Amino acid sequence: MKKLLLLIITVLSCLSCDDYLDIKPVGQVIPTTVEDYRSFLTSAYSIIISSKVLTSFRSDELALSSQATGVEQYEDIFIWNDLNPSPLMKAYPYASFYNIIFYTNHIINSQANIEGNQEAIEQLVGEAYALRAMQYFELINLYAKPYNSSTAATDAGVPVTTIYETEVDYPIETVEEVYRLILSDLEEAETLINIEQQTPGLNYRFSQWALHAFKARVYLYRQEWQKAIDYADAALAIGSELQDLNSDVNIMPSEYNSVESILALETVATFDLVNNASISDGLLSIYNPEEDLRFELYFSKNSDGRYRSNKREETRFKVSYRTSEMYLVRAEALARLQKPDLAKEALLALVKQRYTPEGFEAYTLKVWGLTPIELITEIIEERRREFAIEGHRWNDLRRTTQPEITKVYDGKSYTLKKNDERYVIPFPRDAVINNPDL
């Protein structure tokens with residue numbers, strides 16, 4: 001076991017790391033102290049997973065030209081060709097999630113033997129539980145159907161491992177079982193994590209603030225509306241500040257050192273996304289460029305007249321949870337609980353910081369005139385505007401209406417039908433080869 005552990009530590013610690021994350025991989029060390037295990041967990045935090053980037057290509061946020069550089073890596077993702085994709089296509093991450101889970105499992109299962117300050121040990125182990133839950137949450141929302149309380153007990157999920165064993169089969173667990181583990185891990189994390197809010201630069205690590213935000217998202221996806229509100233409120237009780245774009249456009253609200261940043265861990269853009277794809281007309285059309293201050297902040301026009309993302313591949317654009325999401329979680333959950341007035345107040349509290357005063361006045365009149373059904377639609381559209389190119393859109397499409405989407409690529413039209421089975425991404429071929437149970 002120790003030889004295998006040493007091998008994996010050595011290999012994975014060679015991954016490139018970002019300075020602001022304070023990443024110092026453990027190297028060729030068998031961890032014993034809390035400091036050793038902190039470096040071990042930092043190696044897990046440093047593993048870069050591209051799922052948010054690839055689902056942006058898969059959703060309706062981007063346009064793609066057949067003449068773009070490196071297009072062969074993304075064209076099959078863009079047109080939902082899962083049956084016979086090019087061997088050059090970027091693979092959806094799978095093993096990387098389980099690599100992180102390996103790290104977290106080892107820390108969780110070794111907690112009784114970690115030497116050092118008890119408070120530091122508890123914080124470390126709590127983060128491991130939260131990080132493991134996060135990996136399973138991402139896996140279940142890529143490779144399984146969205147949560148449905150009436151079918152989750154039979155819907156196929158993903159394999160689950162909480163301990164390291166050799167020569168053991170890992171069958172698929174149901175969606176319900178995977179969510180049960182996610183929530184159990186988050187409950188364990190809540191009993192252990194003792195840092196309320198990480199400082200910028202260390203906010204790639206979980207805190208109590210990040211736990212509340214994570215649980216708010218989980219319960220939103222599970223359609224447990226009141227619990228989603230409760231945890232969004234718990235997060236906002238720790239930090240509720242929003243960036244007012246009327247007075248501060250020096251950084252985006254999604255950057256790691258923004259006042260809104262709760263957890264800054266995931267990569268949401270790459271060089272290819274920024275430079276070799278453009279923003280779809282559909283996404284651009286839902287902004288009012290003159291009144292919505294996010295438009296010029298989020299997008300820039302190229303020489304060819306197309307727009308590209310200003311959310312880029314640099315480390316500062318890493319983002320997982322931020323306070324604006326908590327406002328929109330509250331708004332959506334309240335609307336679905338048929339409390340439209342409270343939902344409108346939550347929505348407008350965010351939008352006030354995003355529009356010019358004149359634009360906000362007009363938007364306020366619009367919102368107060370919406371019917372309950374129209375309000376839910378508007379909240380989802382506001383999520384689309386606020387979280388453009390941050391990895392939310394694909395999951396929002398999946399968990400809400402799974403609408404029909406049509407794209408044009410290389411002169412041909414491609415359609416993802418309403419409730420299409422391709423709203424679930426198939427397991428990678430190499431994963432199926434290694435685990436026939438998939």
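The values are calculated or read from the model by the stated rules, or taken from the named source; none is laboratory data. This one's a predicted model, so the numbers in the text were calculated from it and none came from an experiment. So basically every Cβ, Gly included, is an ideal-geometry build from the backbone, and we count neighbours across all protein chains shown. Just the protein is used for accessible areas: all its heavy atoms, side chains included, with ligands, DNA and RNA removed. Shrake-Rupley method; radii C 1.70, N 1.55, O 1.52, S 1.80 Å.
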Simple spin-label estimate for residue 421/residue 194, 7 Å along Cα→Cβ, in nm, reads 5.2 nm
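Which order, highest average first, do 342-351, 50-59 follow once you tally other Cβ atoms within 10 Å for each residue and take the mean per peptide? All intermediate terms of the calculation are to be shown ahead of the outcome.
Values: 342-351: 19.9, 50-59: 23.4.
Top to bottom by mean Cβ count within 10 Å: 50-59, 342-351.
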Extension length gain for residue 32 and residue 86 (0.36 nm per residue less Cα distance), in nm, is 14.9 nm
Length gained if residue 67 through residue 345 is fully extended, taking 0.36 nm per residue and subtracting the Cα-Cα distance, is 95.5 nm
Rg (one decimal) and Dmax (whole number) from the Cα set of the range 364-438, in Å, equal 17.3, 57
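Take the cross-link list 52/145; 227/339; 145/318 and give me the ones stretching past 20 Å between alpha-carbons. All intermediate terms of the calculation are to be shown ahead of the outcome.
Values: 52/145 17 Å; 227/339 15 Å; 145/318 27 Å.
145/318, as the Cα separations exceed 20 Å there.
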Summing -39500 (n - 2.57) over every DSSP H run of at least 4 residues in the chain and dividing by its residue count gives a helix-only mean residue ellipticity at 222 nm, to the nearest 500 deg cm²/dmol, of -14000 deg cm²/dmol
A student applying the Cα gyration tensor rule (rounded when a/c is under 1.5; otherwise prolate if a/b is larger than b/c, oblate if not) would label the range 106-245 oblate
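Scan the chain and note any complete DSSP helix (H) whose C-alpha atoms cover at least 27 Å along its axis and whose Kyte-Doolittle average is -0.5 or more.
Working: long enough: 118-143 (38 Å, 0.13).
Going by DSSP H runs, the hits are 118-143.
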Expressed in square angstrom to the nearest 10, the accessible area of residue 195 with a 1.4 Å probe stands at 60 Å²
Shape descriptor, the chain: equivalent ellipsoid semi-axes (Cα gyration tensor, sqrt 5λ, whole Å, largest first) stand at 34, 26, 22
Note: the range 304-438, point scatterers on Cα, Debye, no solvent; log10 I/I(0) at q = 0.15, 0.17 Å⁻¹ equals -0.96, -1.11
The base-10 log of I(q)/I(0) that the Debye equation returns for the range 32-95 at q = 0.15, 0.16 Å⁻¹, one scatterer per C-alpha, is -0.57, -0.61
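Determine the percent antiparallel among the DSSP beta bridges restricted to the chain, to the nearest 5.
Numbers: 15 of 16 bridges.
Of all bridge pairs located within the chain, approximately 95 percent are antiparallel.
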In whole angstrom, the spacing between the Cα centers of the range 277-342 and the range 59-133 equals 23 Å
Residue separation between residue 290 and residue 368 times 0.36 nm, minus their alpha-carbon distance, gives in nm 25.9 nm
Given 247-253, 257-263, 388-394, 171-177, the highest-first ranking by average Cβ count within 10 Å works out to 388-394, 257-263, 171-177, 247-253
